[in-house]
Amino acid sequence: MITIIDCGMGNLRSVAKAFEHIGKKTIITSDRKKILKSSLVVLPGVGSFTAAMTNLKKLNLTETVKNIITVGKPFLGLCLGLQILFEKSEEGNCLGLGIFHGKVRKFSYKRNLKIPHMGWNNIKLQITNYPSTLMSHDRTGKLQIFKDIPDNSFFYFVHSYYVEPKDKKIIATTTNYGINFASSVFYKNIFATQFHPEKSQKNGLKLLKNYVDYTGN
Amino acid sequence: MLTKRIIPCLDIDKGRVVKGTKFLNLRDAGNPVEVAKRYDKEGADEIIFLDITASYQKRKTIIDVVKKTAENIFIPLTVGGGIRNLHDIREMLKAGADKISINTAAVENPEFIDAAAKKFGSQCVVVAIDAKQVRSKKNLINNFQLKWEVYTYGGRKLTGIDAVKWAKKVEKLGAGEILLTSMDKDGTKNGYDIELTRKISEAVKIPVIASGGAGKKEHFYEAFTNGKADAALAASLFHYKELSIKKLKRYLSQKGVAIRIC
């Protein structure tokens, strides 16, 4: 069963609907036991880094999320669900889950850009050097989860902060908004995107389907 | 590269799409779910529903429309009209909207913007500004300066608030985006109010959606270049198939505007 963690924020229904559209049932829950029993955990999130971490703590889910990730359960993070995997953010003083080294930074106003970064932008697929056992890819190094998704495809973004992973090898895609930033990361059982696949029309649905297939769900 | 967005807007009255001129003379333009699906296919980057249902009892129809739409299309959906408190916002988000748009409630109680942004995040709070140009005699004689004032209640009530100042204030309060409608241009089809759009877009750091006056593809080009808009909205132009989103996007792309072609 695919579970979508309900932290009391954001539009979970659109995430659930996207899974339904590709033929997968989901449950939306904040129940620890159900989350631990599921075969794929989705953590969506909108709003602020601090609010997301505070809500996880309030629901006693911080350790649960850490656990499922470390035991290797398939995990999909969306938007803030990506950001809180890192150590800390420039948004507030709250610490993140620290699954990945690195921090979350704010886009700079200096570049004369509108903030939030809102709308459709391309993703540049990264070629991985990791062995196939850590990140499943084809001979050219293209990740399996991006099968049939062309390089530079458009995805929908809405965020003011971006992640800066210390280990550049986990970066699955980059996107340019004044700077090139990591728009998704992939490592072992974890896939997390800054963009919203559930709002990215055909490409987004395809990516969700690829990931679901990849995790055997 | 971040692309400029093309957003069709559907005015909805008792569950049906309608369109009028200068906020009046409504005529029927179809079933919203079907129209939204068509726009999604044509390449719309987002969709906006504006509920103009006057009768309170029939307000709930919009919830059903949003639910059915969210089951069928997977691009961002904004819903505005009659949203007055946090409960209304939650209802819309639960039905499947990604953003909500507020106007009158924000003007009457600016703290509402702050509360909504804190509760649901700035990304889902769009503040709609309906602006109309005013000319003061003094300005005409001395130093001619364009000014716009904010209207509420669907363009029926003048507030006397300066549109540029208001835009800056809503940004500070946590709005994630501004939907800027020129009441002078709305329904005229002779182009967006470029001056107004540029003034507001330069005054704030959040994205601005230009609205009101789109009549041909060149108007969109003007809004994105001289008007510095981040997105452009149109309604009747798309409803009555006078211009297809596909053709418009191809034209803009050829003119060198960053556009998502799909």
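The values are calculated or read from the model by the stated rules, or taken from the named source; none is laboratory data. Since this is a predicted model, take the numbers as computed values, not measurements. So basically every Cβ, Gly included, is an ideal-geometry build from the backbone, and we count neighbours across all protein chains shown. Side chains are part of the model used for accessible areas, which takes the heavy atoms of the whole protein and leaves out ligands, DNA and RNA. Shrake-Rupley method; radii C 1.70, N 1.55, O 1.52, S 1.80 Å.
Could you please give the count of residues in the stretch A:1-24 that are touching a strand residue (DSSP E or B) at 6+ places or on another chain (Cβ under 7 Å) and either closer than 27 Å to B:Thr78 by Cβ or part of a loop (DSSP other than H, G, I, E, B) (or both)?
Result for the stretch A:1-24: 9.
Can you list the strands (runs of 3 or more DSSP E) lying wholly within the stretch A:53-148 that have 1 or more residues being at pLDDT 95 or above and open to solvent by 20 Å² or more (accessible area, probe 1.4 Å)?
A:102-106, A:117-122
Condition check ((1) open to solvent by less than 10 Å² (accessible area, probe 1.4 Å); (2) of a type in the set (S, T, N, Q); (3) away from chain A (no Cβ under 14 Å); (4) in contact with a helix residue (DSSP H, G or I) (Cβ under 8 Å, 6 or more places away or on another chain)) across all residues:
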{"residue": "B:Leu86", "(1), (2), (3), (4)": "no, no, no, yes"}
{"residue": "B:Ala97", "(1), (2), (3), (4)": "yes, no, no, yes"}
{"residue": "B:Ile113", "(1), (2), (3), (4)": "yes, no, yes, yes"}
{"residue": "B:Ala117", "(1), (2), (3), (4)": "no, no, no, yes"}
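Considering A:Lys114, A:Lys106, A:Lys142, which residue is charged (D, E, K, R), under 30 Å from B:Ala232 (Cα atoms) and without any contact (Cβ under 8 Å) to a residue 24 or more places away in the chain?
Working: A:Lys106 fails: without any contact (Cβ under 8 Å) to a residue 24 or more places away in the chain; A:Lys142 fails: under 30 Å from B:Ala232 (Cα atoms).
The unique qualifying residue is A:Lys114.
Within the stretch B:142-157, which residues are open to solvent by 30 Å² or more (accessible area, probe 1.4 Å) and in contact with an Asp or Glu (Cβ under 6 Å, 6 or more places away or on another chain)?
B:Leu146, B:Tyr151
Let me confirm something: among B:Ala70, B:Ala36, which residue is within 14 Å of another protein chain (Cβ to nearest Cβ) and either open to solvent by 60 Å² or more (accessible area, probe 1.4 Å) or under 14 Å from B:Asp11 (Cβ atoms) (or both)?
Unique residue meeting the criteria: B:Ala36.
Filter the stretch A:32-50 down to residues that are among the β-branched types (Val, Ile, Thr) and over 15 Å from the mean Cα position of the chain (by Cα) and give me whichever is farthest from the other protein chains (Cβ to nearest Cβ).
The initial filter retains those residues of the stretch A:32-50 that are among the β-branched types (Val, Ile, Thr), namely A:35, A:41-42, A:46, A:50.
Then drop every residue that is not over 15 Å from the mean Cα position of the chain (by Cα), which leaves A:35, A:50.
Working: A:Ile35: 21, A:Thr50: 11 Å.
If we take residues in the stretch A:32-50 being among the β-branched types (Val, Ile, Thr) and over 15 Å from the mean Cα position of the chain (by Cα), then A:Ile35 is farthest from the other protein chains (Cβ to nearest Cβ).
Tell me which residues, restricted to the stretch A:13-31, are open to solvent by less than 50 Å² (accessible area, probe 1.4 Å) and facing chain B (nearest Cβ under 8 Å).
Passing the criteria: A:Ser14, A:Lys17, A:Ala18.
If we keep just the residues of the stretch A:36-52 that are part of a loop (DSSP other than H, G, I, E, B) and hydroxyl-bearing (Ser, Thr, Tyr), which is nearest to A:Tyr211 (Cα to Cα)?
Going through the qualifying residues, I end up with A:Ser39.
Identify, from the list B:Leu77, B:Leu158, B:Leu146, the residue that is touching a strand residue (DSSP E or B) at 6+ places or on another chain (Cβ under 8 Å) and within 12 Å of chain A (Cβ to nearest Cβ).
Unique residue meeting the criteria: B:Leu77.
Quick one: in the stretch B:177-216, of everything that is within 13 Å of chain A (Cβ to nearest Cβ) and closer than 14 Å to B:Ala163 by Cα, which residue is most open to solvent (accessible area, probe 1.4 Å)?
Ranking the qualifying residues of the stretch B:177-216, first place goes to B:Glu202.
Take the stretch B:29-55 and flag every residue that is in contact with an Asp or Glu (Cβ under 9 Å, 6 or more places away or on another chain) and under 18 Å from B:Leu179 (Cβ atoms).
Passing the criteria: B:Glu46, B:Ile47, B:Phe49, B:Leu50, B:Asp51, B:Ile52.
Tell me which of these A:Ile190 doesn't satisfy, since it passes every other one: (1) away from chain B (no Cβ under 13 Å); (2) surrounded by fewer than 17 Cβ atoms within 10 Å (Cβ to Cβ); (3) of a type in the set (Val, Ile, Thr).
Going through the list (1) away from chain B (no Cβ under 13 Å); (2) surrounded by fewer than 17 Cβ atoms within 10 Å (Cβ to Cβ); (3) of a type in the set (Val, Ile, Thr), A:Ile190 breaks only (2).
Determine whether A:Tyr177 is within 22 Å of A:Gly92 (Cβ to Cβ), open to solvent by less than 20 Å² (accessible area, probe 1.4 Å) and touching a Lys or Arg at 6+ places or on another chain (Cβ under 9 Å).
yes
Run A:Glu164 past the list (1) of a type in the set (Asp, Glu); (2) within 19 Å of A:Leu78 (Cβ to Cβ); (3) at pLDDT below 90 and report the number of the one that doesn't hold.
Condition (3) is where A:Glu164 drops out.
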